[in-house]
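Everything on this sheet refers to the single structure shown next.
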Amino acid sequence: MSDDRAPSPVRLQMRRAAGQPEPSPALQELYRGFERELLVPLWTEIGELMPLEPTSKATPHLWRWRHLMALAERAGQIVPLGRGGERRAIALANPSLGGKPYATPTLWAAIQYLMPGEDAPEHRHTQHAFRFVVEGEGVWTVVNGDAIRMSRGDFLPQAGWNWHAHHNAARAPMAWIDGLDIPFAYYTESQFFEFGRDTLDAAEKATPERSRSERLWGYPGLRPAAQAAQNGQNGRLAATPLLAYRWADTDRALAEQLALEAEGCAATLSPGHAAVRFTNPTTGGDALPTLRAEMHRLRAGARSRSRREVGSSVFQVFDGSGTVSVGEQRWSVARGDLFVVPSWQPLSMRADGAEGGPTLDLFRFGDAPIFEALHAHRVQEQGD
Ligand code: GTQ
Ligand code: FE2
């Protein structure tokens with residue numbers, strides 16, 4: 001055997017354990033043969049490769065909004081924005097994903113910050129994205145030339161391969177959060193990216209109250225007839241054509257679910273726990289192909305059912321305060337705080353306060369559409 005051969009990256013250890021062959025010189029020699037030929041037997045790996053249920057590498061973790069904001073503000077002062085770096089976005093890095101900028105194995109979650117008058121340059125990519133605003137206003141996100149106002153509580157989906165730029169038309173800086181499927185696209189080696197124009201034209205710097213997409217699609221149950229069936233798939237679009245879901249609508253939908261529950265109609269997930277999902281009006285399914293987004297509201301003092309599911313999620317507290325437990329972790333949370341729920345880790349949430357007090361509102365996004373599409377999704381709820 002030649003000595004100039006690179007050391008084998010395969011390392012096999014003989015172990016005395018159930019299901020493992022008895023260590024012996026012959027076994028040792030067999031394992032060295034496997035290493036030379038870059039082979040790994042199933043019997044040494046099966047516990048790690050095929051566990052009885054998901055054992056996520058990701059850790060439940062909480063990021064405090066005030067710490068994120070302080071650092072984003074500092075970045076606004078000292079980090080210029082431009083072509084190449086593309087965005088002043090600062091990602092949540094799960095503590096057990098090797099320092100990668102991934103909130104979970106599939107999800108990117110970042111705080112993005114724009115100074116007054118600043119533009120983030122146009123580009124497009126196959127990764128699906130959305131913006132969610134917990135506070136502030138003054139930025140318009142420009143998607144295929146359509147300027148879309150961003151303000152508190154708005155959910156702004158933006159499916160892959162659409163041109164987009166962001167424009168701060170106000171005199172104050174603004175922050176928001178981005179969610180994307182960047183890690184999923186990275187591991188599956190499926191991503192494409194293109195640079196667009198370096199500057200926006202005057203029309204794109206307009207600041208309309210309502211975007212073209214809302215003027216065309218923003219009416220419950222009404223579809224523009226000119227957009228009916230010519231898109232193939234019986235008019236089902238892969239991603240939502242509605243590019244802004246406004247807080248006034250979301251807030252009202254949640255308030256009405258709780259009101260209906262109080263009137264004795266079964267409307268909520270569990271007592272005092274209302275939720276809505278942001279959907280594609282042409283399908284009724286998730287707004288984006290890979291990302292699910294929802295808003296949850298817990299009545300003061302209410303507790304959610306404990307629940308675990310395949311796939312991971314990121315939550316941001318939108319309003320109110322409460323206690324959240326994820327796996328072994330437990331946190332008190334308040335406005336803006338972000339936390340991650342790894343695959344198959346139980347989540348339960350409780351709103352602070354006594355009856356009649358302020359609700360706990362939480363924005364949530366996750367990767368469930370991926371697993372649903374592959375028939376690999378499972379949910380287990382307390383009491384099941
Ligand atoms: O705003 O276009 O947080 O492309 C990461 C990648 C934001 C964006 C991110 C992006 C963007
Ligand atoms: Fe982007």
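Just so it is clear, none of the values below were taken in a lab; they were calculated from the coordinates. None of these values were measured; they are calculated from a predicted model. Neighbour counts run over all protein chains shown; Cβ positions are idealised from the backbone, glycine included.
Brief remarks on what is shown
- A single member of Glu209, Glu135 is over 21 Å from Ala293 (Cα atoms) and of a type in the set (Asp, Glu), and it is Glu209.
- Residues (surrounded by fewer than 23 Cβ atoms within 10 Å (Cβ to Cβ) and within 14 Å of ligand 2 (Cβ to nearest atom)) located in the stretch 168-181: Asp178
- The stretch 106-126: number of residues that are away from ligand 2 (no atom under 11 Å from the Cβ) and assigned to a strand (DSSP E or B): 5
- Check on Phe155, within 14 Å of ligand 2 (Cβ to nearest atom), surrounded by 19 or more Cβ atoms within 10 Å (Cβ to Cβ) and of a type in the set (Phe, Trp, Tyr): no
- The listed residues are Ala129, Ala103, and the only one of them that is within 16 Å of the chain's Cα centre (by Cα) and within 14 Å of ligand 2 (Cβ to nearest atom) turns out to be Ala129.
- Options Ala267, Ala238, Ala253: the member that is in a helix (DSSP H, G or I) and small (Gly, Ala, Ser): Ala253
- Residues in the stretch 323-361 that are among the β-branched types (Val, Ile, Thr) and part of a strand (DSSP E or B) were compared, and the one that is farthest from the chain's Cα centre (by Cα) is Thr323.
- Any chance Thr55 is of a type in the set (Ser, Thr, Tyr), under 30 Å from Val333 (Cα atoms) and either surrounded by 11 or more Cβ atoms within 10 Å (Cβ to Cβ) or touching a Leu at 6+ places or on another chain (Cβ under 7 Å) (or both): yes
- Subset of the stretch 78-90 (residues that are exposed (fewer than 12 other Cβ atoms within 10 Å of the Cβ) and either outside any loop (DSSP other than H, G, I, E, B) or of a type in the set (Phe, Trp, Tyr) (or both)): Ile78
- Some residue of the stretch 61-77 being of a type in the set (A, V, I, L, M, F, W, C) and either in a loop (DSSP other than H, G, I, E, B) or within 16 Å of ligand 2 (Cβ to nearest atom) (or both): no
- Any hit, the stretch 91-100, residues being surrounded by fewer than 20 Cβ atoms within 10 Å (Cβ to Cβ), without any contact (Cβ under 8 Å) to a residue 12 or more places away in the chain and closer than 23 Å to Met349 by Cβ: no
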